[in-house]
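Read the figures in this text as sums done on the coordinates, not as results from a lab. The structure presented is a predicted model; accordingly, all values stated were derived computationally and were not measured. Neighbour counts are summed over all protein chains in view; Cβ atoms, including those assigned to glycine, are modelled from backbone coordinates with ideal geometry.
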Amino acid sequence: MPDSLAVSLPAPIAIMSFNRPGMLERVLASLKAQTLPVAEQRVHLFQDAARNRSGGMTRATEDEIAACISVFRRHFPDGVVHEAPHNLGIALNFDRAERFFFETLNAELGIFFEDDMVLSPHYLDALEKLSAFALAEERVGYVAAYGQHHASPEEHGRLRRRIMPMGHNWGFALTRRQWKRQREIVEGYLHFVRDCEYRYRPHEEIRAYFARFGVTTTQTSQDTAKEIASAVLGTARLMCFPAYGSYIGDVGEHYTPALYKALDFGRTVLFEHAPDGFDFPTTQELTTMIEATRAQLSDPARSNGVKLTSERLPADLFVDTLYRGLLDRQPDLAGFHSFTDALEKKALQPVDVVRSIVGSAEFSRSYAQRSPSGRTAGRQPSEEKPRTMARELQQRLFGEDIYAGFAPTLRKDLQGWNSHHPALTREITARRPRIVIDVGVWKGASTIHMAKHMQALGLDGAVIAVDTFLGSPEHWNRDRPDRIFEDLGLKHGWPSLYWQFLSNVVAEGVSSLVLPVPQTSENAAVILQRLGLRAGMVHIDAAHEYEPVLRDARMYWDLLEPGGLLIGDDHPWPGVARAARDFAAEVGQPLRVEEPKWMIEKA
């Protein structure tokens, strides 16, 4: 197929958005920076809503929805916003976008981006060449240009013309021809999600539906439905080898920070050269690709979420054996239930449980006492630890080692937003602060990220994490249909967020640097002032409203040493942006913005 084949672009571009304005900001900025010009009228934001049909809140807030729309209008003032009347979920939000493009606009091709992939400046250039092939080749329905995320720049260069089967439905172009012919299969899937929240979809019924097409899988996503439809219809989904897109969705419907890290998405290096054409498959090569994909979907030994029949140790026996073998005791009820539940739900793998127990302070003491060097006659092994700033601060704050005897009983859950923003590690590298204060930490993703970077730099310092660990008023609304109340993890009426935080810190190996202060931001500021602490960097992320953001900025500014840096999060929120602007004027220092972060340096 000649590379010069023209495609009927400009095709309409859909941006699928829900509640991640910070990520959306990065995606839109990269879309604006394309080497191919993007007419703003082509770009459509399909914004899902915070409230469901009955008026209850989902996992989004009205402020988050407003922030997403604000970010879009700032980048594409002449773009088109399609606000959902109520929360649709990702499957139905995609469905309305596809219907609008292919029925209302009668487009031959539509381009679809979610709010979690940053584009190379050459992404649309590559996608245009791929789309030309898709429109000309009857058996090609989907194309994408995000490429092999784990390949090296050298591999991208060497294989820059290679075409391969497409994996995830990310940053793709879809032909109207393909959309129409897969409608019956996809509509059968949408039947299951129309009358419920997407995350509460009937998984077993969907799996049974997929089984009718000869596919046995645990996956029930709308992407899986479309992948199956393509295979059943004998059509191909193709992408190029070089990476022109970088996936940043470490938190969302299907990914957690741990899974994101395990799959090496954070190490993607974008291919920096413009595409000079691709070696598109011949008719026979395309047939081979289609048959291979169909065979993989039909194979019950397929690795991606497929049910495998194998003998395995029951979760309860496995956990009990680990406790008795590694800790020389029977498991406590909290640990036993947390680990067995996580194993049965596949939230943790057996190796994760082993690492969690082996990484605990209890195991370290138990191992030392049982080792030959620790059983010297009449003498216990020394537990003397080297003096560090973090340990000294811990003694001043608590008078004890708060991690002593603590073994993680909750699976690692590094849920967070904007926690790995490059400004955090860049400023730590440049300033090498001894004390960092993180205000509003939720489950600790940003705290742990900064602590690990300080650890990598060999800094003798501490990250002080300030949070009540009690949740927000919205968490305590038991009438909400999305059951968000359950996220508190109440035990005898008390939230488990603090224990989740500690479990995450220990699991990530940064307990020697992290000090939680379970207080309101106001109380914590008073406590830290009384200790005479001064921080080289403060990160505030506790509120989205004007008054509390301004109050936190003022209080923690006083805790900054001269030359220190105040970093705030969530700048796309109007209240946050106003507070940052007003505080910068108040202290007479310039405001620097790297969305969604904002920064003010203390003179």
Item to complete: Could you order peptides 215-223, 503-511, 236-244 by the average number of other Cβ atoms within 10 Å of their residues, highest first?
Response: 236-244, 503-511, 215-223
Item to complete: Compare the peptides 570-580, 402-412 by average per-residue count of other Cβ atoms within 10 angstrom and give them in order, highest first.
Response: 570-580, 402-412
Worksheet, complete the sentence: Note, the stretch 138-148: 3J(HN,Hα) by Karplus (6.51, -1.76, 1.60, θ = phi - 60°), whole Hz, Gly/Pro = x, goes 3, 8, 10, x, 10, 9, 8, 10, 7, x, 7
Item to complete: Go ahead and run the numbers for FRET between R59 and L470, Cβ-Cβ distance against an R0 of 22 Å, rounding to 0.05.
Response: 0.75
Worksheet item: Once both labels are modelled 7 Å past Cα along the beta-carbon direction, what's the A211-T520 spacing in nm?
Response: 5.5 nm
Practice prompt. Go ahead and run the numbers for FRET between R432 and H492, Cβ-Cβ distance against an R0 of 41 Å, rounding to 0.05.
Written response: 0.40
Worksheet item: Amide H to amide H under 5 Å from M117: which residues, 5+ apart in sequence or cross-chain, H placed 1.01 Å off N in plane?
Response: I248
Practice prompt. For the stretch 89-196, count the residues as N, evaluate 2.2 N^0.38 Å, and divide the Cα radius of gyration by that value, please.
Written response: 1.17
Practice prompt. State, in angstrom, two size descriptors of the stretch 439-566 derived from its alpha carbons: Rg to one decimal place and Dmax to the nearest whole number.
Written response: 15.6, 48
Worksheet, complete the sentence: Pseudo-spin-label distance L233 to T388, built 7 Å along Cα→Cβ, given in nm, is 5.6 nm
Practice prompt. Using the Karplus curve 6.51 cos²θ - 1.76 cosθ + 1.60 with θ = phi - 60°, work out ³J(HN,Hα) for each residue of the stretch 464-469 in order, rounded to whole Hz, and write x for Gly and Pro.
Written response: 8, 9, 9, 6, 6, 6
Discussion item. Give me a comma-separated list of calculated 3J(HN,Hα) values for the stretch 554-569, in order, Karplus coefficients 6.51, -1.76, 1.60 applied at θ = phi - 60°, integers in Hz, x for any Gly or Pro.
Written reply: 5, 5, 7, 4, 5, 8, 7, 7, x, x, x, 10, 9, 10, x, 10
Item to complete: Within 10 Å of each residue's Cβ, count the other Cβ atoms and sort W494, W557, W179, W598 from fewest upward.
Response: W494, W557, W179, W598
Fill in: Distance between modelled label sites at A295 and F485, nm, 7 Å Cα→Cβ extension
5.4 nm
Response to the item:
Under 5 Å from the placed amide H of E594, counting only residues 5+ away or on other chains, we find M599
Worksheet entry | Two-decimal Rg/Rh across the stretch 396-467, once Rg and the Kirkwood Rh are taken from alpha-carbon atoms | 0.98
Worksheet entry | Estimated translational D of the stretch 389-602 in µm²/s (Stokes, Kirkwood radius over Cα pairs; 4 °C; 1.567 mPa s) | 74 µm²/s
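Beyond a 26 Å Cα-Cα separation, which of these cross-linked pairs lie in this structure: K32/K129; K412/K491; K443/K491?
Working: K32/K129 19 Å; K412/K491 18 Å; K443/K491 17 Å.
Listed pairs above 26 Å: none.
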Worksheet entry | Under-5 Å amide H pairs with M239, H placed in peptide plane, nonlocal only | A144, M164, M166
Worksheet item: Efficiency by 1/(1 + (r/R0)^6): what FRET value for E204 and V593, r their Cβ-Cβ distance, R0 = 45 Å, to the nearest 0.05?
Response: 0.45
